[in-house]
Structure formats: structure tokens, C-alpha cells
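This report refers to the structure that appears directly beneath it.
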Amino acid sequence: MFLKKLSIYGFKSFADKTVLDFKDGVAGLIGPNGCGKSNVIDALRWVTGETSISALRGKKSEDIIFNGTAARKHLGYCEVAVTLDNSQRHFSHFDQDDITIKRRLYRDGESQFFINNNRCN
């Protein structure tokens, strides 16, 4: 099982939809200070179940939603999806080769969770 893709929209500094495709052998993320490396890790932690906003370097839940800039309006929600390889059926309840877990948070505090685009309760 390995990480195949991470899709981020409206999460912290990611105002535009950003998709990171991970190929075999990716060992890390590199880039200059302030480019969002830590936010990528926070997004991965959040979509996989992190509930502590302080662990994501925020004070309240809406802190993880893109807050806008002088040139750009804030967003009403954020969404992160992670796609995992399931070809070896580590997730035996699913008969698909890929499993996508998605989490969405709205400014009003409502949150939604999805597995393979099916909403979870």
C-alpha cells in the first residue's frame, strides 16, 4: 500500500486546487521556505483523521480554510482527498485498486467525509 495522490483545495495556503501525484520512490518534499511544505503534511494529517486543530498549527477549525489575501477573497470551505493504492487489498472491504478518502470542512463548522466519493455518516 502506498500513497498515490493528494488533492488539496482551500486548505490553508492552497487557494487553488493542487494535485500532487506520488510515484514509486518519492521520499520527501523539498522547496524554499514559505512554499507550503508544512501545509502539505498538515493536509495529509487532516484528511486521515487528525482532529486537533492545534496539531495543524491553528486555533479554531476555520483557521485551516484559506482566509484570503488583499487580492483574493476567502473561501467558504476546504477539501482534501488522498488516494491510496489498494491493489494488494490491504483494505479488504474494498474491491477497488484505489481507495480515495476525502474530507471537507465548511466555515460554519459542518464537515463531511467520503470514501470513494460515497458520503460517510
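The values are calculated or read from the model by the stated rules, or taken from the named source; none is laboratory data. All values reported here derive from a predicted model rather than from experimental measurement. Glycine also receives a Cβ, built like all others from the backbone with ideal geometry; neighbour counts cover every protein chain displayed. Ligands, DNA and RNA are excluded from the accessible area calculation, which covers all protein heavy atoms including side chains. Shrake-Rupley method; radii C 1.70, N 1.55, O 1.52, S 1.80 Å.
Checked against (1) out of contact with any Leu (no Cβ under 8 Å at 6 or more places or on another chain); (2) open to solvent by 80 Å² or more (accessible area, probe 1.4 Å); (3) of a type outside the set (Ser, Thr, Tyr), residue 45 passes all but a single condition, namely (1). Residues of the range 13-32 include none that is part of a helix (DSSP H, G or I) and either without any contact (Cβ under 8 Å) to a residue 60 or more places away in the chain or out of contact with any Pro (no Cβ under 9 Å at 6 or more places or on another chain) (or both).
Test of understanding: among 81, 27, which residue is at pLDDT below 95 and either open to solvent by 70 Å² or more (accessible area, probe 1.4 Å) or under 20 Å from residue 110 (Cβ atoms) (or both)?
On the way: 81 fails: at pLDDT below 95.
Exactly one of 81, 27 is at pLDDT below 95 and either open to solvent by 70 Å² or more (accessible area, probe 1.4 Å) or under 20 Å from residue 110 (Cβ atoms) (or both), namely 27.
For the range 46-62, the criterion of a residue being touching a residue at least 40 places away in the same chain (Cβ under 8 Å), closer than 16 Å to residue 2 by Cα and in a helix (DSSP H, G or I) is satisfied by at least one position.
Residues are listed down the side, and each one gets a yes or a no for (1) touching a Ser or Thr at 6+ places or on another chain (Cβ under 7 Å); (2) over 26 Å from residue 21 (Cα atoms):
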{"position": "51", "(1), (2)": "no, no"}
{"position": "58", "(1), (2)": "no, yes"}
{"position": "78", "(1), (2)": "no, no"}
{"position": "90", "(1), (2)": "no, no"}
{"position": "105", "(1), (2)": "yes, no"}
